[in-house]
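What follows is a short report on a single structure.
Just so it is clear, none of the values below were taken in a lab; they were calculated from the coordinates. Not measured: the values here are computed from a predicted model. Cβ atoms come from the backbone with ideal geometry, glycine included; neighbour counts cover every protein chain shown.
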Amino acid sequence: MNNPLNNIFSPFSIYLDVRVIRLLFLGFSSGLPILLIFSTLSLWLKSAGIDKGTITLFSWAGLSYGFKFLWAPLLDRVPIPHFSSKYGHRKSWLFTSQLILIFAIFNVGFVDPSSNLILMAFSITLVGFASATQDAIIDAYRIESAPDSLQTAMSSFYIVGYRVGMITSGAGSLYVVSFLGGDTKEYNVTSWQYTYLIMGLIQIVGIITCLLSPEPNFKRNLVKKTTEKIKLLLTFCMGIVSFVLVYINFPEININDRFAIALIGLLKLTLAVATATIIFYALIQVRFVKNETVTDTFFLPLQKFFKIHKKAIIYLFLIICLYRIADIVLGVVANLFYSDLGYKLVQIASYSKFWGLLATIFGGFLGGVLAYKTNIYYTLLTGAILSAGSNLLFAILTFTEPNSILLLTVIVADNLSGGLASTAFVAFLSSLTMKKFTASQFALFTSIMLFIPKIISGYSGSIVDSFGYNYFFIFTALLGTPVIFLIIFVKKYFNVFKGNQFIRDREDFEKFNKKNR
């Protein structure tokens, strides 16, 4: 006789798969470094007496996360001597990036910014670069190491691990600093240094997970000749140097309009990329490096994506750019809204950080189960509807007196929908990624996904000041509706799903069409 409980809990059995559990630890390894170069570092620099202008400059180390798509193609094509033959291509890059990351975090732990700010800047930049590289490799490893039916569950566990890693390096590191005597008016450098050394030791979780994980079984088109590898790396370095020089030397334009600032930023990025492309072209023309080597590494991933999805390319990019817009724009003013309504800081911290985190985790689990029982398309659509709809709940709070139960309910509902949507979206991006160019394409998708939301979120405060919170929340809900209609509109295109698999290459596409004629 079948136990009814087995039917209820059987969908959750996917989270017992070792390939899914592995992503919990890799996600933790990805989430740990990010606050070490942002909020935690800012507090250390402030404690050391560094001025605010200099402190904000350190946030530039985070640019690596936005520009990782520039060097991600090298992660797909260039093997690491000795390590690649010993550990496998993906594992060798993951292992190397983690070694550099731990070294960089340890190096920060031996620096006093009050006396050696340049060395601190170099070390933090190295942390950002190694961390962004690790993220790109883990994304590629996740996609390549398991079938599509497990991708949503793996995305869910990755996000959970990432959040826990951020809490560890955020709130956790501050607890350690306080315990070591750093929470005083007098500057105590050793408490901060020991904290970063402890964080570096905790980062070893990533290396242990890497060493215990199998190499994905996938045939790769690698650059094998040593001379070609060296020339390709030199070409890339020259391109990157030209990119950085154009980007940082672009004329400063004093303007207050955030939209204009965003457009100028886009122009600056476009010119920098164009300059790097010209450098590549020039080096090809003088026969310093082979045309096919550069093309196959840097341009073929995007070219193939456009070729396979040319009929729906605009819609797919719009979905990528708009899917998270409702959550991101609202999130900028969420804590300010709670405070303005009269809720205490303890309530805000407890409800949004603790209960909100639990709701996010559970929402991610639900997203994994929903995708497992249906497919990525329906999970993506459900996440989009819930993300937009949950924003309307905040409008209800604007018409009520401070009520702890109501606040908790809205925060839990919002984080639940956000967790489900995040999991669905990562799985969606994974389903679009071709396994021949995993790191290249996924890094590009994640780099462009925040562009439009960041532009609009810059206006969040102005919208609140002009129209009030209630209209602002209705506005954010409306921002989330176009992507719902986009997903529905391309329903016919999404029918190339085979269960949880999105057609990724031309051969697959032709086989599917031939079978279904």
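Computed values, structure above
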| read-out | value |
| --- | --- |
| Sorted by Cβ neighbour density within 10 Å, fewest at the top, the residues THR152, THR227, THR168, THR125 | THR227, THR125, THR168, THR152 |
| Check: the chain dipole with +1 on Lys, Arg Cβ and -1 on Asp, Glu Cβ, in debye | 2140 debye |
| Lysines with Cα under 22 Å of LYS290, excluding same-chain neighbours fewer than 8 positions away | LYS224, LYS225, LYS229, LYS231, LYS304, LYS436 |
| Debye log10 I(q)/I(0) for the chain, one point scatterer per Cα, at q = 0.07, 0.13 Å⁻¹ | -0.41, -1.54 |
| ASN221-ALA349 pseudo-label distance in nm [points 7 Å out on the Cα-to-Cβ vector] | 5.4 nm |
| Cross-link pairs LYS268/LYS307; LYS91/LYS219; LYS68/LYS310 - those with Cα-Cα distance over 23 Å | LYS268/LYS307; LYS68/LYS310 |
| Pairwise centroid distance, computed over Cα atoms, of the stretch 411-448 with the stretch 193-264, Å | 19 Å |
| Extension gain from ILE208 to ASN291, taking 0.36 nm per residue of separation minus the Cα-Cα distance | 26.0 nm |
| FRET efficiency for PHE299 and ASN249, using Cβ-Cβ distance with R0 set to 30 Å, rounded to 0.05 | 0.70 |
| Point-to-point label distance, LYS311-LYS435, nm (Cα→Cβ direction, 7 Å offset) | 2.4 nm |
| Relative contact order for the chain, counting Cα pairs under 8 Å that sit 6 or more residues apart, in percent | 21 percent |
| Histogram of C-alpha separations across the stretch 15-72, 5 Å bin width, % | 4, 15, 18, 16, 14, 13, 10, 5, 3, 2 |
| Separation between Cα centres of the stretch 284-316 and the stretch 320-346, rounded to whole Å | 39 Å |
| Two-site FRET efficiency, ILE488 against LEU119, from Cβ-Cβ distance with R₀ of 56 Å, rounded to 0.05 | 0.55 |
| Rounded Å value of the spacing that divides the Cα centres of the stretch 105-181 and the stretch 51-79 | 13 Å |
| Sparsely packed chymotrypsin sites (Phe, Trp or Tyr not before Pro) within the stretch 163-236, loop by DSSP, other Cβ within 10 Å at most 11 | none |
| Dipole axis of the chain (+1 Lys, Arg; -1 Asp, Glu on Cβ), positive-most option in ILE308, SER350, THR374 | ILE308 |
| Ellipticity estimate at 222 nm from DSSP helix runs (n ≥ 4, -39,500 (n - 2.57)) divided over the chain, nearest 500 | -22000 deg cm²/dmol |
| Inter-probe distance in nm under a simple model that places probes 7 Å from Cα toward Cβ, at LEU16 and THR400 | 3.9 nm |
| Sorted by Cβ density within 10 Å, fewest first, the residues CYS321, CYS210, CYS237 | CYS237, CYS321, CYS210 |
| Under 19 Å from LYS373, Cα to Cα: lysines that are on another chain or at least 8 residues apart | LYS491, LYS498 |
| Residues TYR315, TYR281 arranged by fewest to most Cβ contacts within 10 Å | TYR281, TYR315 |
